[in-house]
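Only the coordinates and a few stated rules stand behind these numbers; no lab work does. Just so you know, these numbers come straight off a predicted model, no measurement behind them. With ideal geometry, Cβ positions are generated from the backbone for all residues, glycine too; neighbour counts draw on all protein chains shown.
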Amino acid sequence: MAKPRITSRLPQFVAQVQAKGTRGMTQALILGASEASVLTPIDTSTLLNSQYRKVDTEATKVVGRVGYTAVYSEPVHDPDNKQRFRRQSAEKEFLAKGFERAEPNIRAVISGAIKT
């Protein structure tokens, strides 16, 4: 009589959950970055074109980052650095405000990604 075989599917389960989390985080970053793009000041489009997003898994966490590689992005984002923008929709703290505006959609996307 053959002994029952015990198999662990935990690694596959963890990989599936991590993939869902990564997919949800990517969608969330796209939403936030899109909102931020509308608020980003445009002169030569260098700042807007330097926007990046990155999703990493660090142990059990999924970490998403959105930023700008243009060297002058920080002073343009800083509310204490007074400037006038040509673009009507441009605002200081464009990245933070973009994610604040997209927050309800981001929450929906992440919870939807995890539920599937």
State, to one decimal in nm, how far the label point of Lys82 lies from the label point of Thr116, with both points 7 Å from Cα in the Cβ direction.
4.9
Let me know the longest stretch in the chain that avoids all chymotrypsin sites (Phe, Trp or Tyr not before Pro) found in a DSSP loop with at most 16 other C-beta atoms within 10 Å.
1-71
What residues have an amide H closer than 5 Å to that of Gln51, excluding those fewer than 5 places away on the same chain, when H is modeled at 1.01 Å from N in the peptide plane?
Thr69
Where in the stretch 45-102 are there trypsin sites (Lys or Arg not before Pro) that are in a DSSP coil and have at most 16 other Cβ atoms within 10 angstrom of their Cβ?
Lys82, Arg84, Arg86, Arg87
Take every Cα pair under 8 Å in the stretch 13-115 that's 6+ residues apart, average their separations, divide by the length, and report that relative contact order as a whole percent.
42
